[in-house]
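A short worksheet on the structure shown next.
The values are calculated or read from the model by the stated rules, or taken from the named source; none is laboratory data. In this text the structure is predicted, and so the values were computed from the model without any measurement. Cβ coordinates were reconstructed from backbone atoms using ideal geometry, including for glycine residues, and neighbour counts include every protein chain displayed. For accessibility, only protein heavy atoms count, side chains too; no ligands or nucleic acids. Shrake-Rupley method; radii C 1.70, N 1.55, O 1.52, S 1.80 Å.
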Amino acid sequence: MTNALRLMAVHAHPDDESSKGAATMARYAAEGVEVLVVTCTGGERGSILNPKMDRPDILENMGEVRRLEMERAREILGVDQRFLGFVDSGLPEDENEPLPEGCFALQPLEVASAPLVAAVREFRPHVILTYDDDGGYPHPDHIKTNRVSVEAFDAAGDPDRYPGTGEPWQPLKMYFHSGFTKARFETLHEAMTSRGLGSPYADWIARWEDRPQKWEVTTRIPCGDYFETRDRALMAHATQVDPDGFWFACPREIQQEVWPTEDYHLARSLVDVTLPEDDLFAGIQVPAGTGAAPCS
């Protein structure tokens, strides 16, 4: 690894960066890779998911509270972070509920993508992490995040697209997060029950037919040594994460023993690769001292 390598993770809301790929980012940052989290919205319409934080003063200032939480998580992970400035769309209670006017999910694709294209051209990442085309789960902002990430990957290297947003830069690889798999939760479930511990995963596994795995896991990043960092970053998002809840039900030591990786699907690559991989930068050659990657 050299400090010429750059990784960008594109997320919908504050806290998403800590629940998806956080140990990966912490590991690469510790190894000298430049890591930037791009957060599309401010999370203003997020619910309070931690009973200990369910107070009127928190709810009335949700946007500012979540920005402060994001700053703490960023410091813990050792990465940089920027907001794109869009407004959280909220999670509709049913599919027929209209989304709020002006929210991120309702923005035209080019309007929503332009600031991300600008961020890609400024930061010049070699690798982009994002969600799959279902958003990982069907939150409208997660789905939109996939759309703008794919658009930016395709457009940032083209000098004829998005004029006025900086010099062209072509990222070389794009990955979708693939951490929430049946295989992973079955492994954690079996490890807990074999040790006489109660497992929270049985109902989830039983319902897995309702959410079949769409993307093959191509890339597993060993990062168990950074699970503690991941957990501290996640707990920094105190409005969203109950420290006594689901996220921390499986002891960290068991996770490090039976599933010490974070997993991804290689969705796009402009370099030759050999699958499976254990490095997001596999196949990328960076000339010493330049940090440059070619534009196509």
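List of remarks:
- Listed by first and then second residue, the pairs linking a residue in the range 253-281 that is hydrophobic (A, V, I, L, M, F, W, C) to a residue that is open to solvent by 20 Å² or more (accessible area, probe 1.4 Å) and in a strand (DSSP E or B), with Cβ atoms under 8 Å apart and 6 or more places separating them unless they lie on different chains, are Val273/Leu266; Leu275/Leu266.
- Screening Gln170, Gln213 for residues that are on the phi < 0 side of the Ramachandran plot, at pLDDT below 90 and not in a strand (DSSP E or B) leaves exactly one candidate, Gln213.
- Among the residues making up the range 217-264, those that are out of contact with any strand residue (DSSP E or B) (no Cβ under 8 Å at 6 or more places or on another chain), open to solvent by less than 70 Å² (accessible area, probe 1.4 Å) and not in a helix (DSSP H, G or I) are His237, Ala238, Thr239, Gln240, Val241, Asp242, Pro243, Gly245, Ala249, Cys250, Pro251, Trp259.
- Whichever residue in the range 104-123 is touching a Lys or Arg at 6+ places or on another chain (Cβ under 8 Å) and surrounded by fewer than 22 Cβ atoms within 10 Å (Cβ to Cβ) and, among such residues, is farthest from Phe86 (Cα to Cα): Phe123
- Applying the condition of being open to solvent by 30 Å² or more (accessible area, probe 1.4 Å) and in contact with a Phe, Trp or Tyr (Cβ under 7 Å, 6 or more places away or on another chain) to the range 178-192 and asking which residue is farthest from Leu5 (Cα to Cα) yields His189.
- Filter result for Gly164 (open to solvent by less than 70 Å² (accessible area, probe 1.4 Å), out of contact with any Cys (no Cβ under 8 Å at 6 or more places or on another chain) and in a loop (DSSP other than H, G, I, E, B)): no
- Scanning the range 21-42 for residues that are without any contact (Cβ under 8 Å) to a residue 60 or more places away in the chain and at positive phi turns up just one, Gly32.
- Inter-residue pairs, beta-carbon under 6 Å, first within 16 Å of Ala249 (Cβ to Cβ) and open to solvent by less than 90 Å² (accessible area, probe 1.4 Å) and in the range 193-210, second modelled with pLDDT of 80 or more and part of a loop (DSSP other than H, G, I, E, B), 6+ apart: Thr193/Ser199; Pro200/Ala249
- Residue count for the range 76-93, restricted to those that are open to solvent by 10 Å² or more (accessible area, probe 1.4 Å), modelled with pLDDT of 95 or more, in contact with a Leu (Cβ under 8 Å, 6 or more places away or on another chain) and in a loop (DSSP other than H, G, I, E, B): 0
- Figure legend. Inter-residue proximity from the range 134-160: first residues crowded, with 19+ Cβ neighbours inside 10 Å, second residues among the acidic types (Asp, Glu), beta-carbon distance below 6 Å, spacing 6+ or different chains. Indicated pairs: Asn146/Asp133.
- Scanning the range 35-47 for residues that are modelled with pLDDT of 90 or more and either open to solvent by 80 Å² or more (accessible area, probe 1.4 Å) or small (Gly, Ala, Ser) (or both) yields a total of 3.
- Hits in the range 48-75 (condition: touching a residue at least 24 places away in the same chain (Cβ under 8 Å) and either in contact with a Cys (Cβ under 8 Å, 6 or more places away or on another chain) or open to solvent by 70 Å² or more (accessible area, probe 1.4 Å) (or both)): Leu49, Pro51, Lys52, Arg67, Arg72
- Here Glu44 meets each of (1) under 16 Å from Ala233 (Cα atoms); (2) outside any helix (DSSP H, G or I); (3) acidic (Asp, Glu) with one exception, condition (1).
- Residue within the range 123-133 that is more than 22 Å from Leu36 (Cβ to Cβ) and either part of a loop (DSSP other than H, G, I, E, B) or in contact with a strand residue (DSSP E or B) (Cβ under 7 Å, 6 or more places away or on another chain) (or both) present: yes
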